[in-house]
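For reference, the structure is listed below as structure tokens.
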């Protein structure tokens, strides 16, 4: 899956946000560091969301995982 980062340089720092997911933002001392930090934050958020969804579904009994393509 592909996500879009909105980034800008502010003084000595680079800051950015992931458009498709609320709350995913980061900063870095270089453009490359910022992009790596955003990738890491996005990966962690997706994994946390997966775990939360499985926990919620498990409470209702058995569940099925179905791949969605947007």
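Throughout, read-outs are computed from the coordinates displayed, never taken from laboratory work. Quantities reported herein were computed from a predicted structural model and do not represent experimental measurements. Because the Cβ atoms are built from the backbone with ideal geometry, glycine has one as well, and the counts that use them run over all protein chains shown.
Each residue of the chain gets 86 Å³ once the volume of the Cα convex hull is shared out per residue. Figure legend: label point modelled 7 angstrom from the Cα of residue 63 along Cα→Cβ; no residues of region 2-33 have amide N under 13 Å from it. Once you keep just the Cα pairs under 8 angstrom separated by 6 or more residues, what percentage relative contact order results for the chain? Relative contact order, the chain: 18 percent. Rounded to the nearest 500, the 222 nm mean residue ellipticity of the chain from helices alone is -14500 deg cm²/dmol, with -39,500 (n - 2.57) taken per DSSP H run of at least 4 residues.
Once the piece of chain linking residue 8 and residue 50 is laid out straight, how much longer is it, given 0.36 nm per residue of separation minus the C-alpha distance between them? Display every interim value, and only then the final one.
Values: separation 42, 0.36 × 42 = 15.12 nm, distance 2.97 nm.
Taking residue 8 through residue 50 to full extension adds about 12.1 nm, to one decimal.
Each peptide among 24-34, 49-59, 5-15 gets the average number of other Cβ atoms lying within 10 Å of its residues, and from highest to lowest they stand as 24-34, 5-15, 49-59.
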